[in-house]
Amino acid sequence: MEREGRGTELKGPALALVELDEIPAGLVALDAVAKEAPVHVVGAGTIHHGHFLIVFAGALADVEMSYSRAHERATGAICDSVLLPDAEPRIVPAFHRGARRFPAQGDALGMLESGSSPTLVSALDVALKGTGVELVELRLAEGLGGKAVAALWGSQWEVEAALELARERLTRGRFEGSSATLIANAHPEVSRVLSGGTRFFKEQFG
């Protein structure tokens, strides 16, 4: 997915993700999003399994208008979507930088995984807002066979609380392929891998 280079701050407070299972329909939806209201397209393009992902942000009224228009124009091809009226501000910068905020306080890791990027981001939003965990990595669709993953770090009780919030939200979305996993008292090797990103080939060969 192409990521726009016009800044990494949330142009919000609202954030929307629309995932489609047809590339032509994805471009139709993108056209509708951009024409309907003055939203900021954070990124748009193809992802694994021939899907098309659109991420856009802006004032709530504008995002709502563009989101509704995309659904009108490409409703048969939309496989998942989410609109967050007041998105957690750490999410959009993580699209570009992957987060990786180490060292961080605590020794517990929480992993969120979903077969859908919109569902994952929705769960991540509530987990970050409701607890004091740190977002250390966010990967959407690319290199993951269409999956999306997020890594959360903090004290065990904070991570457990974050995962509980996330599980409840995951069940509201495209739940197939979703999970929320705790690694308590994580070994230093785990934090070492996370600090450089979880891509295997990057870790091995730079």
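Annotations for the structure displayed:
- Of the GluC sites (Glu not before Pro) in region 22-120, not one is in a loop by DSSP (not H, G, I, E or B) with at most 13 other beta carbons within 10 Å.
- Cβ-Cβ FRET estimate between Ala61 and Arg192, R0 fixed at 41 Å, reported to 0.05: 0.35
- Whether region 2-84 is rounded, prolate or oblate, judged on the alpha carbon gyration tensor where a/c under 1.5 counts as rounded: oblate
- Estimated FRET transfer efficiency (Asp21, Asn185; beta-carbon r; R0 35 Å; 0.05): 0.30
- Within the chain, longest stretch clear of exposed trypsin sites (Lys or Arg not before Pro) (DSSP loop, no more than 12 other Cβ within 10 Å): 7-171
- Taking Cβ atoms as reference points and 11 Å as the exclusive limit, the residues near Leu144 contribute a net charge of +1, counting Lys and Arg as +1 and Asp and Glu as -1.
- Angle of helix 156-170 to the longest C-alpha principal axis of the chain, folded into 0 to 90 degrees and rounded to 10: 30°.
- For region 102-150: rounded, prolate or oblate by the Cα gyration tensor [a/c cutoff 1.5]: oblate
- Per residue, the average separation of C-alpha pairs within less than 8 Å and at least 6 apart gives the chain a relative contact order of 21 percent.
- The C-alpha atoms of the chain define a longest principal axis, and helix 23-36 lies at about 80 degrees to it.
- Shape class for region 93-198, computed from the alpha carbon gyration tensor (a ≥ b ≥ c): oblate, with a/c not under 1.5 and a/b at or below b/c.
- Relative contact order of region 93-198, pairs being alpha-carbon contacts under 8 Å that are 6 or more residues apart, as %: 39
Rule-based calculations on the coordinates, nothing more; no lab input. Predicted model, so just to flag it, every value in this text is computed and none were measured. Because the Cβ atoms are built from the backbone with ideal geometry, glycine has one as well, and the counts that use them run over all protein chains shown.
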